[in-house]
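These notes concern the structure reproduced below.
The values are calculated or read from the model by the stated rules, or taken from the named source; none is laboratory data. Because the structure is a prediction, the values reported are computed rather than measured. Ideal geometry is used to build each Cβ from the backbone, glycine not excepted, and the neighbour counts take in all protein chains shown. Note: areas computed on protein heavy atoms with side chains; ligands, DNA, RNA excluded. Shrake-Rupley method; radii C 1.70, N 1.55, O 1.52, S 1.80 Å.
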Amino acid sequence: MKRIHLFEFEDMSWFPDLIRNYMTDFLAFMANATKMYRPILPILEKGIHASGAGHFIDLASGSGGGLLSLNRELLKKMPHLKIWISDYYPNWEAFERIKQGTKNIDYVKNPVDARNVPDELNGLRTMFLSFHHFQPADAKEILQDAIHADSPIAIFEAQDRSFVSLLAMFFSPITVLLTAPFIKPFSLGRLFFTYLVPIIPLAAWWDGIVSSLRTYSIPEMMELINTLEGADKMTWEMGKEKSGPGFVIYLLGIPK
């Protein structure tokens, strides 16, 4: 199946921030509850060490909470690690909660465009479950900007265009219904838009399926890289890591 770039509600500027934040809170909750990112720790560590900066900047962080379980594992080996979270549509309340609840995570105070990262935000760049939001031209800009900045970049996705992935996304509203009362901080608004006016499960259903249809395969990521100026200045690694019943697709680029 070829990649299909349909719209996602989360990407729409008119989509209410309140609902967008509830949806990204759900994604963060699931990432932490399932420890989705644990298998890619060695890949992430490799990128952090390659940057030599002792920190990394996460782009398109959503609610940022998906990094919490990963951060706990990283601190066991890198006690002085610093993480910066950022987004083009920042969830400031979630970012502030994460900052207050951890010793080493802070957030960028302004919206950050992954295609044009400010020079002062150096170190490894990461993208978790977000690269698929970008059309090929924009995806290439993200990679090209990392090359120009001589910055390592690590991209992780947990879905693809396979039948199994699409089937899991088709039933995702059930997961939304089952988890809503347990997502912190507790919110009556979240319950209202989950059970009484079910915008969250319906939007999550659509965005989940579209996310699968949008996700770049490993050969497609290689095609993107082959069109970049100075791509040979980086060492590129791509693959799939088993994660519970699913997997994580990764792309790691390290300056030579």
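Side notes on the structure shown:
- Members of the range 1-30 that are part of a helix (DSSP H, G or I) and either touching a Pro at 6+ places or on another chain (Cβ under 9 Å) or among the charged types (D, E, K, R) (or both): E10, D11, D17, R20, D25
- For S212, the conditions (1) under 28 Å from P39 (Cβ atoms); (2) part of a helix (DSSP H, G or I); (3) open to solvent by 20 Å² or more (accessible area, probe 1.4 Å) all hold with the exception of (3).
- For the range 186-206, the criterion of being within 21 Å of Y88 (Cα to Cα), part of a helix (DSSP H, G or I), in contact (Cβ under 8 Å) with a residue 24 or more places away in the chain and of a type in the set (G, A, S) is met by at least one residue.
- Filter result for the condition that a residue is in a loop (DSSP other than H, G, I, E, B), open to solvent by 20 Å² or more (accessible area, probe 1.4 Å) and either out of contact with any Asp or Glu (no Cβ under 9 Å at 6 or more places or on another chain) or basic (K, R) (or both), over E220, E229: E229
- Evaluating S69 against the criteria (1) modelled with pLDDT under 95; (2) farther than 20 Å from A203 by Cα; (3) out of contact with any Lys or Arg (no Cβ under 8 Å at 6 or more places or on another chain) leaves one unmet condition, (3).
- Considering residues of the range 237-256 that are out of contact with any Asp or Glu (no Cβ under 9 Å at 6 or more places or on another chain), touching a residue at least 40 places away in the same chain (Cβ under 8 Å) and more than 20 Å from A50 (Cα to Cα) only, the residue most open to solvent (accessible area, probe 1.4 Å): K242
- Selection count where residues are open to solvent by 20 Å² or more (accessible area, probe 1.4 Å) and under 19 Å from the mean Cα position of the chain (by Cα), scope the range 44-58: 3
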